[in-house]
Amino acid sequence: MAPKVYIIIYSLYHHIYTLALDVQKGLVASGIDAKIFQVPETLPEEILVKMQAPPKPDVPVITVDDLSEADGFLFGVPTRFGTMPAQIKSFLDSTGGLWASGALAGKFAGTFFSTASQHGGQETTAFTLLTYFTHLGLNYVPLGFANSNLFDNSEVIGGSPYGAGTVANGDGSRQATEKELEIARTQGENFAKLLITFHRGLEVAEEEENVKQTNVVESVEAVEEAAVSAEETEAPKPVVTETVKAEEPKAEEKKSRAVAKTEAKKESKCFCIGSTLNLKIVCRIFNNPY
């Protein structure tokens with residue numbers, strides 16, 4: 001799925017809207033799903049009529065809840081005395097819930113501008129947005145001098161390293177030039193490249209993590225199978241039989257046996273003596289010496 005970028009603008013006289021269309025072209029040409037939204041208007045209709053403001057651009061009004069759906073944002077901001085207008089500030093002030101939950105942390109943001117004069121504060125307006133980006137955890141992506149038109153001093157050209165821009169004159173009579181629109185397209189293209197590279201990296205990291213988890217599971221299963229196999233093939237342990245020792249004779253039995261042996265010896269000795277005398281008598285009778 002292609003990364004999604006919301007281009008969020010406030011455009012009273014359509015100068016910012018004109019830039020937003022070319023920013024969107026650069027994003028879409030690079031494979032980004034890009035949509036343009038406008039923040040809610042805070043001025044009443046009768047004031048807008050007195051200011052001779054044209055009808056609002058035909059784009060949806062963004063809500064705070066919409067922000068969590070996108071991977072990145074490009075804010076188109078006209079300046080008011082070198083800072084953002086009340087309409088942009090009011091919208092950003094309503095993001096407290098997203099700040100508390102961290103819902104926007106890690107996403108990306110960029111800026112582009114419109115001022116009445118060449119020195120109307122395009123860069124300082126970027127500064128006033130950075131505090132919001134920082135608290136919301138958004139990664140700010142400046143344009144840099146990515147387009148050679150930013151080096152051109154032969155004519156008035158809006159834009160800065162902070163983002164594309166146009167110069168409208170105090171009465172809004174000046175429209176964005178082709179060079180300014182080229183810078184806007186470059187900003188869309190470069191922002192797209194960053195998001196696409198980042199998301200490809202996330203996909204690779206997720207694949208590696210999945211492979212790692214799979215390898216861990218397979219290793220555990222292999223160890224368990226080896227353990228089961230070892231238990232099944234293990235040789236039976238030899239049966240140890242206890243040898244029953246003959247009971248030693250009691251002390252009295254020992255004494256009786258000793259006495260019996262002594263008597264037997266005496267008898268044997270007496271028999272031997274008697275036998276010798278008898279032998280002598282027999283020998284004398286038969287006149288045989290022994």
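For region 83-109, give me the residue count where each residue is assigned to a loop (DSSP other than H, G, I, E, B) and among the charged types (D, E, K, R).
Within region 83-109, the first condition is being assigned to a loop (DSSP other than H, G, I, E, B), and the residues that meet it are 84-85, 94-95, 102-107.
Keeping just the survivors that are among the charged types (D, E, K, R) gives 107.
Residues that pass the stated criteria total 1.
Can you tell me which residue among GLY170, GLY144 is at pLDDT below 95, in a loop (DSSP other than H, G, I, E, B), out of contact with any helix residue (DSSP H, G or I) (no Cβ under 6 Å at 6 or more places or on another chain) and small (Gly, Ala, Ser)?
On the way: GLY144 fails: at pLDDT below 95.
Matching residue, one of GLY170, GLY144: GLY170.
Could you please find all residues in region 22-58 being part of a helix (DSSP H, G or I), in contact (Cβ under 8 Å) with a residue 40 or more places away in the chain and either over 33 Å from the mean Cα position of the chain (by Cα) or surrounded by fewer than 13 Cβ atoms within 10 Å (Cβ to Cβ) (or both)?
Once the filter is applied, which keeps residues that are part of a helix (DSSP H, G or I), in contact (Cβ under 8 Å) with a residue 40 or more places away in the chain and either over 33 Å from the mean Cα position of the chain (by Cα) or surrounded by fewer than 13 Cβ atoms within 10 Å (Cβ to Cβ) (or both), region 22-58 yields only ASP22.
So, of the residues in region 1-13 that are under 15 Å from PHE37 (Cβ atoms) and not small (Gly, Ala, Ser), which turns out to be nearest to the chain's Cα centre (by Cα)?
So the first thing to find is which residues in region 1-13 are under 15 Å from PHE37 (Cβ atoms), and the list is 4-11.
With not small (Gly, Ala, Ser) added as a condition, the list becomes 4-10.
Details: LYS4: 20, VAL5: 22, TYR6: 24, ILE7: 27, ILE8: 29, ILE9: 32, TYR10: 35 Å.
Of everything passing the filter in region 1-13, LYS4 is nearest to the chain's Cα centre (by Cα).
I'm trying to understand the selection: among the residues of region 81-99, which are under 19 Å from HIS15 (Cα atoms), surrounded by 18 or more Cβ atoms within 10 Å (Cβ to Cβ) and either in contact with a helix residue (DSSP H, G or I) (Cβ under 8 Å, 6 or more places away or on another chain) or aliphatic (A, V, I, L, M) (or both)?
MET84, ILE88 - these are the residues of region 81-99 that are under 19 Å from HIS15 (Cα atoms), surrounded by 18 or more Cβ atoms within 10 Å (Cβ to Cβ) and either in contact with a helix residue (DSSP H, G or I) (Cβ under 8 Å, 6 or more places away or on another chain) or aliphatic (A, V, I, L, M) (or both).
Only one of (1) exposed (fewer than 14 other Cβ atoms within 10 Å of the Cβ); (2) at pLDDT below 95; (3) on the phi < 0 side of the Ramachandran plot is not met by ALA2, so which one is it?
For ALA2, the failing item is (1).
Are any residues in region 153-165 out of contact with any Ser or Thr (no Cβ under 9 Å at 6 or more places or on another chain) and surrounded by fewer than 20 Cβ atoms within 10 Å (Cβ to Cβ), and if so, which ones? Talk me through it step by step, then tell me what you get.
Initially, region 153-165 is screened for residues out of contact with any Ser or Thr (no Cβ under 9 Å at 6 or more places or on another chain), giving 153-154, 160-161.
ASN153, SER154, PRO161, listed by residue number.
Scanning region 179-202 for residues that are in contact (Cβ under 8 Å) with a residue 40 or more places away in the chain and basic (Lys, Arg), which turns out nearest to SER148 (Cα to Cα)?
Step by step, filter region 179-202, then rank; the result is ARG185.
Could you say which residue among ALA227, ALA192 is closer than 23 Å to ILE36 by Cβ and assigned to a helix (DSSP H, G or I)? So that I can check it myself, show each step before the final result.
Working: ALA227 fails: closer than 23 Å to ILE36 by Cβ.
Checking each option against the conditions leaves just ALA192.
Quick one: what pairs do we get from region 61-85, first residue closer than 22 Å to MET1 by Cβ, second part of a helix (DSSP H, G or I) and of a type outside the set (Lys, Arg), C-beta under 7 Å, 6+ apart or different chains?
Cβ pairs passing all conditions: LEU67/LEU98; SER68/LEU98; ASP71/LEU195; GLY72/PHE191; GLY72/LEU195; LEU74/VAL23; LEU74/PHE191.
Within the set of pairs 6+ apart or on separate chains, which have a first residue in region 122-138 that is within 20 Å of LYS107 (Cβ to Cβ), a second that is modelled with pLDDT of 95 or more and assigned to a helix (DSSP H, G or I), and C-beta atoms under 7 Å apart?
From region 122-138, the pairs are TYR132/LEU92; HIS135/TRP99; LEU136/LEU98; LEU136/TRP99.
Here are some residues: ALA176, ALA168, ALA226, ALA230. Which one is surrounded by 10 or more Cβ atoms within 10 Å (Cβ to Cβ), free of Cβ contacts under 8 Å to residues at least 12 places away in the same chain and either on the phi < 0 side of the Ramachandran plot or not assigned by TED's automatic domain parsing to the domain that holds ASN147 (or both)? Show your work before the answer.
Numbers: ALA176 fails: free of Cβ contacts under 8 Å to residues at least 12 places away in the same chain; ALA168 fails: free of Cβ contacts under 8 Å to residues at least 12 places away in the same chain; ALA230 fails: surrounded by 10 or more Cβ atoms within 10 Å (Cβ to Cβ).
Every option except ALA226 fails the conditions.
Looking at region 60-79 only, could you name the residues that are closer than 24 Å to LYS193 by Cβ and assigned to a loop (DSSP other than H, G, I, E, B)?
If the condition is that a residue be closer than 24 Å to LYS193 by Cβ and assigned to a loop (DSSP other than H, G, I, E, B), then ALA70, ASP71 are the ones that fit.
Taking ALA184, is it more than 14 Å from PRO3 (Cα to Cα), assigned by TED's automatic domain parsing to the domain that holds PHE73 and not in a helix (DSSP H, G or I)? Even if it seems obvious, please write down each step before you answer.
Working: more than 14 Å from PRO3 (Cα to Cα): yes; assigned by TED's automatic domain parsing to the domain that holds PHE73: yes; not in a helix (DSSP H, G or I): no.
It is false that ALA184 is more than 14 Å from PRO3 (Cα to Cα), assigned by TED's automatic domain parsing to the domain that holds PHE73 and not in a helix (DSSP H, G or I).
The values are calculated or read from the model by the stated rules, or taken from the named source; none is laboratory data. In this text the structure is predicted, and so the values were computed from the model without any measurement. Glycine also receives a Cβ, built like all others from the backbone with ideal geometry; neighbour counts cover every protein chain displayed.
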